[in-house]
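Heads up: the structure comes next, in structure tokens.
Read-outs throughout are calculated quantities, based only on the coordinates presented, and are distinct from any laboratory measurement. Computed from a prediction, not measured in an experiment: that's the story for all the values here. Please note: Cβ atoms are built from the backbone with ideal geometry, for glycine as well, and neighbour counts cover all protein chains shown.
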Amino acid sequence: MPAPPADARSFQAEVVSVERCGDDAAVVAIRPERPLPAIRASRFFMLRREDALSPAIPRPFSIYRQRGETLEFLIKVMGRGTRALAESVPGTVVRAIGPLGNGWPALDGDGPPWVMLAGGVGSAPFPMAIEQALAGMDGRTPARPEQMHLLFGAATAGLLYDLDAFRALGVGVHTATMDGSSGLKGHVLQLLDALQANGTLPAQVRLLACGPERMLEAVAARARERDLECWLSLETLMGCGVGICNGCPVPTDPAGPRGAWPNAKCCVEGPVFEAREILLAGLHG
Ligand SMILES: Cc1cc2nc3c(=O)[nH]c(=O)nc-3n(C[C@H](O)[C@H](O)[C@H](O)COP(=O)(O)OP(=O)(O)OC[C@H]3O[C@@H](n4cnc5c(N)ncnc54)[C@H](O)[C@@H]3O)c2cc1C
Ligand code: FES
């Protein structure tokens, strides 16, 4: 059975700030009781408040930013667990388990551009991906800002969280909204088509994607059709986050590199998978 990462810990932390973000989210910053070493982008933590406002089962969140001793999370309010965290105040005590999962592969500057496809709060694993790629990951050639493009899609402009923070990183930032309130009217793959058609992006790109399951299915299909390298960061439902409860199965492709075993555990084998490893259709039944 795949084990949880050796560096995962359960620890208490204190909320130091909560900033509203977009129409329905907040950036929640916490300070752990002991500082954590540098965390790879797209790893995650299980979080809950240590009071009756949070459900008993903690909820998974990607690390959004790590600033000194502080960890930040971009939290979109969906239900009780996310509301409790987003409505915390400085001094609220939370329980965290992490860092968990694998994170993005090494994002180097040696190949085609990296195109980051974000759907709504699926933008959360990208600020640190950009920072780490520009700094150089795992001894690889650092990426240059012009090699990295964020294609950010959402239903409406108010759900394109923290756009200025992405722009400040110096990478290409392009938006698409279903109602046309920001950028192209349509979804992120239509935006990719448009940017390839106008020469902003070449045909050969490397894809990283995080967002709703339907979006990820479409991205994986595009990667297959065009034979593109593609990694997906999944946001499946999770129970334990450490490989015990079997609450996060991801169907694997028998024809892919993982072979015939039918499922991977998203929490310990993901949340990042190569698109060719997995079958997304029907992930949530
Ligand atoms: C690895 C990972 C990283 C994540 N990172 C982030 C992040 O950075 N920021 C963030 O806001 N969220 C993130 N999520 C999703 C987040 O964990 C869920 O939104 C949260 O668990 C919902 O808890 P809740 O108690 O508020 O909602 P619940 O009361 O549990 O559910 C409310 C509604 O939301 C739906 N729902 C719950 N979880 C999901 C999900 N994963 N996908 C689609 N619908 C869901 C339920 O079906 C239900 O309809 C991540 C999930 C995973 C697995
Ligand atoms: S969430 Fe429990 S096994 Fe993955």
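What is the chain's relative contact order, in percent, from Cα pairs under 8 angstrom and six or more apart in sequence?
Values: 679 pairs, mean separation 49.6, N = 285.
With pairs under 8 Å counted, the relative contact order is 17 percent.
Quick one: what are the phi-derived ³J(HN,Hα) couplings along segment 188-200, Karplus 6.51/-1.76/1.60 with θ = phi - 60°, whole Hz, x for glycine and proline?
Working through the residues one at a time gives 5, 6, 5, 5, 4, 4, 5, 6, 6, 5, 8, x, 5 Hz.
Can you compute the modelled spin-label distance between ARG95 and LYS185, with each label point 7 Å from Cα toward Cβ, in nm?
Result for the modelled spin labels: 4.9 nm.
Could you work out the relative contact order of segment 70-211? I mean the mean sequence separation of Cα pairs under 8 Å and 6+ apart, divided by the number of residues, in percent. Kindly include the intermediate steps, with their values, before the conclusion.
On the way: 224 pairs, mean separation 35.3, N = 142.
Rounded, it is 25 percent for segment 70-211.
Given labels modelled 7 Å from the Cα in the Cβ direction, how far is it in nm from ARG224 to ALA197?
2.5
Give me the distance in nm between label points sitting 7 Å out from Cα along the Cα-to-Cβ direction at ALA260 and ARG31, one decimal.
5.6
So what is the relative contact order of segment 2-106, in percent, for Cα pairs below 8 Å that sit 6 or more residues apart? Could the numbers behind the result be given before it?
On the way: 237 pairs, mean separation 41.9, N = 105.
Reported relative contact order: 40 percent.
Give me a comma-separated list of calculated 3J(HN,Hα) values for segment 129-144, in order, Karplus coefficients 6.51, -1.76, 1.60 applied at θ = phi - 60°, integers in Hz, x for any Gly or Pro.
Residue by residue, segment 129-144 yields 4, 5, 4, 6, 5, 5, 7, x, 10, 6, x, 7, 4, x, 6, 9 Hz.
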